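Undergrad: Pasting a structure below so you can have a look.
Rule-based calculations on the coordinates, nothing more; no lab input. Predicted model only: the values in this text are computed from it and were never measured. All Cβ positions, even for glycine, are placed from backbone atoms using ideal geometry, and neighbour counts span all protein chains on display.
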Amino acid sequence: MKKPRLKFQTPTGMRDILPEEEAYYERVYSIADQYADFYGFKKIETPILEDYELFVKSTGPTTDIVEKQMYLLKTKGGEYLALRPEFTPSLARSYFENGMVAWPHPVKLYTRGPLFRYERPQAGRYRQFHQINFETFGSKKPIAEVEIIWLFVKILEKLGIKNIVVEINSIGDSQCRPYYKKVLTRYLKRNETALCATCRKRLKRNPLRVLDCKEVRCQKIVKQGPQIVDYLCEECHDHFEKVLEYLEALGIPYILNPYLVRGLDYYTKTVFEIIPQKDQETRQSALVGGGRYDGLLKLIGKQDIPACGGAGGVERIIDFLKEENISVKRKESTPEIFIAQLGDEAKIESLKLIEEFQKAKIPVTFQLSRDSLTNQLKIANRKKVKYVIIIGKEEVLKKAPILRNMETGDQKSVPRNRLIKEVKNALKKEKRTRLK
Ligand code: AMP
């Protein structure tokens, strides 16, 4: 039966993250945090809204993101702001704005959080999604992008993901790419009628994008056309060779994909994606994407700073974990004590007791909005706690709550000031017998 439509629902392409799903997010984030720290990437956070022009300038006016996917808003003060569609421009802006130019280089930054793109929602493609993102500012060296690829491979491995492959390409730089673009455009023009409608448009504005079109008819043409690797200048060629050498030294499996260009205007030299092996044919579900973008920072802050980075799609990683039946265990404290109360004075006493247990780092559970003792004991049973502390009016007066062992049914009065100690000892004893 179709669910009736509620008056208020999440916007198209956006989702609530419910507790079960949160466990996956926590797992991905905690491993990313740990590895970022180990590899020396400093965590920062930037606003979700940025000046719209920042993305037009850096992401590039001919990209899908800027042309079609930005959430743009005009504030009451008349400013044009955009919900960030990607992290790199924000981090580059922050680098200049916060004087990181004067920090020891390279400056290695890590961030994570939600991004927004007005795309057609489908499996693995949302309008609000999350990324873990790494950037290195101030290094020209090929090892800088290899370090980022390595870090992602390590994070995915730690999550239990094995069957992945790094697809890699070099798209040259301002020295060699213009000539290749010319050669490619000439070739594509000769075959224009066979291209899809989008690629016919791309041919005019951004011919490189034709290379990674998913349409079979376009792929057929592209496969017989000129490849950029044959047109790289000496510097780009040597740089790429070094990248591959490092990947080999690290034992990271990679595949050269001469048609990988990625969707953004700012890439130079290396571009890469990390893809599940089984999805290599369709190439719909890259878990990670990134590359080098030596010309980008100059567009934002005027200083010419080489840079590279990569972003992992948290939802894509989680979907893959689920597909592969990789479960995540939530680090939840499972309380072994239930505090049951009867009457208003007892409720107040329980509040104090709960705080004392929290300070003593002993997880407890309770249902303060329940008044019936039978009901509370039923809940305690369902939660399979080892002990219940019962406090009624009398126990408050006598300053001696009842401690009940739920397995044996034994119970006794414990002086209030000895309660925490008594519970600690009981739990310790319990643990010892369990281990025997
Ligand atoms: P990009 O920022 O486009 O380089 O993408 C980097 C990674 O982010 C991709 O490999 C995906 O894993 C993820 N990603 C990009 N766009 C979306 C989206 N609309 N929904 C979910 N994940 C996305």
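Undergrad: At q = 0.08 Å⁻¹, what log₁₀ I(q)/I(0) does a Debye calculation on the Cα points of the chain give, no solvent, two decimals?
TA: Values, matching the q order: -0.61.
Undergrad: Over the stretch 337-430, what is the relative contact order in whole percent, taking alpha-carbon pairs under 8 Å and six or more residues apart?
TA: On the way: 126 pairs, mean separation 27.2, N = 94.
Relative contact order here is 29 percent.
Undergrad: Now for a different question. Mind checking which of Y293, Y24, Y118 is farthest towards the positive end of the chain's charge dipole, using Cβ charges of +1 (Lys, Arg) and -1 (Asp, Glu) about the Cα centre?
TA: Y24
Undergrad: Additional query: Could you give the nm distance between label points at V229 and K43, where each point is 7 Å from its Cα heading toward the beta carbon?
TA: A separation of 3.9 nm, rounded to one decimal place.
Undergrad: Continuing with the same structure: Counting Lys +1, Arg +1, Asp -1, Glu -1, what net charge surrounds F38 among other residues with beta carbon under 13 Å of its beta carbon? Display every interim value, and only then the final one.
TA: Values: positive: K42, K43, K108, K154, K158; negative: D33, D37, E147.
Value of the local net charge: +2.
Undergrad: As a test, work out the antiparallel percent of DSSP beta bridges whose residues both lie in the chain, rounded to the nearest 5. Working shown, then result.
TA: Details: 49 of 62 bridges.
About 80 percent, rounded to the nearest 5.
Undergrad: For K42, enumerate residues with amide H under 5 Å from its amide H, sequence gap 5+ or separate chain, H modeled in the peptide plane.
TA: K108, L109, Y110
Undergrad: Further question: Which of rounded, prolate or oblate describes the stretch 307-419 when judged by the alpha-carbon gyration tensor and an a/c cut-off of 1.5?
TA: On the way: a/c = 3.16, a/b = 2.47, b/c = 1.28.
The shape class here is prolate.
Undergrad: Ok, one more. May I ask what percent, to the nearest 5, of DSSP beta bridges between residues of the stretch 337-430 are antiparallel? Let's see the in-between values first.
TA: On the way: 7 of 15 bridges.
Restricted to the stretch 337-430, the bridges split so that about 45 percent are antiparallel.
Undergrad: Charges on Cβ only, +1 for Lys and Arg, -1 for Asp and Glu, centred on the Cα centroid of the stretch 327-375; of F366, I337, S327, which one is farthest towards the dipole's positive end?
TA: S327
Undergrad: Return the calculated 222 nm mean residue ellipticity for the chain, to the nearest 500 deg cm²/dmol, obtained by summing -39500 (n - 2.57) across DSSP H runs with n ≥ 4 and dividing by the residue count.
TA: Numbers: 14 runs with 167 residues, N = 436.
That comes out to -12000 deg cm²/dmol.
Undergrad: ³J(HN,Hα) across the stretch 60-77 via Karplus (A = 6.51, B = -1.76, C = 1.60, θ = phi - 60°), whole Hz, x for Gly/Pro?
TA: Values per residue, Gly and Pro as x: x, x, 9, 7, 4, 4, 6, 5, 10, 10, 7, 8, 10, 9, 10, 7, 4, x Hz.
Undergrad: Please list 3J(HN,Hα) in residue order for the stretch 312-322, calculated via the Karplus relation 6.51 cos²θ - 1.76 cosθ + 1.60 where θ = phi - 60°; whole Hz, with x for glycine and proline.
TA: My calculation for the stretch 312-322 gives x, x, 5, 5, 4, 5, 5, 4, 5, 4, 5 Hz in order.
Undergrad: Next up: Using unit Cβ charges (K, R positive; D, E negative) and no other charged atoms, how large, in debye to the nearest 20, is the dipole of the chain about its Cα centre?
TA: Numbers: 79 positive and 57 negative charges, 296 e Å.
Roughly 1420 debye for the chain.
Undergrad: What FRET efficiency would be calculated for the residue pair E422, K329, taking the C-beta separation as r and a Förster radius of 35 Å, to the nearest 0.05?
TA: Working: r = 31 Å, r/R0 = 0.88.
Here the calculated transfer efficiency is 0.70.
Undergrad: Which ³J(HN,Hα) values, rounded to whole Hz and listed in residue order, are derived for the stretch 285-290 from phi using the Karplus coefficients 6.51, -1.76 and 1.60 in 6.51 cos²θ - 1.76 cosθ + 1.60 with θ = phi - 60°, glycine and proline given as x?
TA: Per residue, the Karplus-derived 3J(HN,Hα) values read 10, 4, 7, 9, x, x Hz.
Undergrad: For Y187 and L373 in the same chain, what is the full-extension length gain: residue separation times 0.36 nm, less their Cα-Cα distance, in nm? Please report the intermediate quantities before stating the final value.
TA: Details: separation 186, 0.36 × 186 = 66.96 nm, distance 8.14 nm.
Full extension of this stretch gives 58.8 nm more.
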